[in-house]
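The values are calculated or read from the model by the stated rules, or taken from the named source; none is laboratory data. Everything numeric in this text was worked out from a predicted model, so none of it was measured. Glycine gets a Cβ as well: all are built from the backbone with ideal geometry, and neighbour counts include every protein chain shown.
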2 protein chains.
Amino acid sequence: MFSMQPIGYVRSPFRVTREIPKGLGAKHDAEGVLEILPEFAEGLADIEGFSHLYVIWGFHRAEGFDLTATPPADGGRPHGVFATRSPRRPNPIGLTTVELLGRDGASLRVKGVDMLDGTPILDIKPYLSSIPAEQLRRGWLAEAEVRSRTASAPGPASE
Amino acid sequence: MFSMQPIGYVRSPFRVTREIPKGLGAKHDAEGVLEILPEFAEGLADIEGFSHLYVIWGFHRAEGFDLTATPPADGGRPHGVFATRSPRRPNPIGLTTVELLGRDGASLRVKGVDMLDGTPILDIKPYLSSIPAEQLRRGWLAEAEVRSRTASAPGPASE
């Protein structure tokens, strides 16, 4: 058993879950601030050298979990929760990659937030590597994208 | 305060910390198994469609934390803990991207483990996106790589 406590809180434009862009083609370019608590600020030294960060945070509004999720990106089709980003997980941990725009003391201005305002931050790590696009398979999400394009096409696909 | 419990455990070739490749140019191609507990196995449905996964895990051997870390990759130079992957973090959370090689029931065979054998797994998520290499800045780590190349060059750099 691990006990985790917030190292800070997210300031985000999203006050309720439905305001957060979701589903296929959702743009995650909202700007926000990671406000780190004064007692942890020393841990931010040299972070401004990194263009992107991992933010690990807590789904503080989620209660309980389901092993099967029905993500909006796939029109309600069921998938195992570990193959989705559903908030109702056995451990309510969220993970977001953000772009670091700047630092003001213990506040990090970032782009790409998809958390609610007030979300507790558990950890920050430098983002270091990328998987080349040609080596990446994206499972049911890629299939959902194909279905979505086919459904919205007015006639035969011309691609 | 969040309480987290393991959803499974890592089987890895590494029994002690010093066996894990670290520092500049360390190769993370070790294979291992993510053994998910039977009561969470249903949450793995459809995961085999993804080539890469995020594994969020607990540093179960770490005790306490430091706000300043001295990563081996940078010859003992100090950096804020949130600008490093040091295990001695305010919340002992580890994050590893692995390649999914195959699935046998509730066991996922993966490549790229850098955890100790027996490490508790807290969450698994699909890896979906990459930051293009040309948009990525890697802070002190990039500087350490330059220093390392310069130090090991026998004469003028010939690229």
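Quick test for you: out of B:L108, B:L116, pick the one residue that is more than 12 Å from every other protein chain (Cβ to nearest Cβ), among the aliphatic types (A, V, I, L, M) and out of contact with any Gly (no Cβ under 7 Å at 6 or more places or on another chain).
Step by step, each of B:L108, B:L116 is checked, and only B:L116 is more than 12 Å from every other protein chain (Cβ to nearest Cβ), among the aliphatic types (A, V, I, L, M) and out of contact with any Gly (no Cβ under 7 Å at 6 or more places or on another chain).
Among residues belonging to region B:61-110 that are part of a loop (DSSP other than H, G, I, E, B) and in contact with a Ser or Thr (Cβ under 7 Å, 6 or more places away or on another chain), point out the one that is surrounded by the fewest Cβ atoms within 10 Å (Cβ to Cβ).
Step one: filter region B:61-110 for residues part of a loop (DSSP other than H, G, I, E, B), giving B:61-67, B:70-71, B:75-78, B:84-92, B:105-106.
If we keep only those that are in contact with a Ser or Thr (Cβ under 7 Å, 6 or more places away or on another chain) too, we end up with B:71, B:76-78.
Numbers: B:P71: 21, B:G76: 7, B:R77: 14, B:P78: 16.
That would be B:G76.
What is the residue count in region A:75-84 for residues that are more than 10 Å from every other protein chain (Cβ to nearest Cβ) and under 16 Å from A:G25 (Cα atoms)?
Summing the residues that are more than 10 Å from every other protein chain (Cβ to nearest Cβ) and under 16 Å from A:G25 (Cα atoms) in region A:75-84 gives 1.
So if I check each of A:L95, A:L116, which one is within 30 Å of B:T68 (Cβ to Cβ) and either modelled with pLDDT under 95 or hydrophobic (A, V, I, L, M, F, W, C) (or both)?
A:L95
Filter region A:50-72 down to the residues that are polar (S, T, N, Q) and either without any contact (Cβ under 8 Å) to a residue 40 or more places away in the chain or under 16 Å from A:R89 (Cα atoms) (or both) and list them by number.
Matches in region A:50-72: A:T68, A:T70.
Suppose we keep only residues that are hydrophobic (A, V, I, L, M, F, W, C) and farther than 12 Å from A:I121 by Cα within region A:85-100. Which one would you say is farthest from the other protein chains (Cβ to nearest Cβ)?
A:V98
For A:R61, which of the numbered conditions (1) over 21 Å from A:I124 (Cα atoms); (2) of a type in the set (K, R); (3) touching a Pro at 6+ places or on another chain (Cβ under 8 Å) fails to hold?
(1)
Which pairs do you get when a residue that is farther than 18 Å from B:A26 by Cα and facing chain A (nearest Cβ under 7 Å), found in region B:127-152, comes within reach of a residue that is surrounded by fewer than 14 Cβ atoms within 10 Å (Cβ to Cβ) and modelled with pLDDT under 80, reach meaning Cβ atoms under 8 angstrom, with the pair 6+ apart or on two chains?
Correct list of pairs: B:S130/A:P132; B:S130/A:A133.
Among the residues of region B:21-59, which ones are more than 7 Å from every other protein chain (Cβ to nearest Cβ), of a type outside the set (V, I, T), over 14 Å from the mean Cα position of the chain (by Cα) and not in a loop (DSSP other than H, G, I, E, B)?
Hits for region B:21-59 are B:E35, B:P38, B:E39, B:A41, B:E48.
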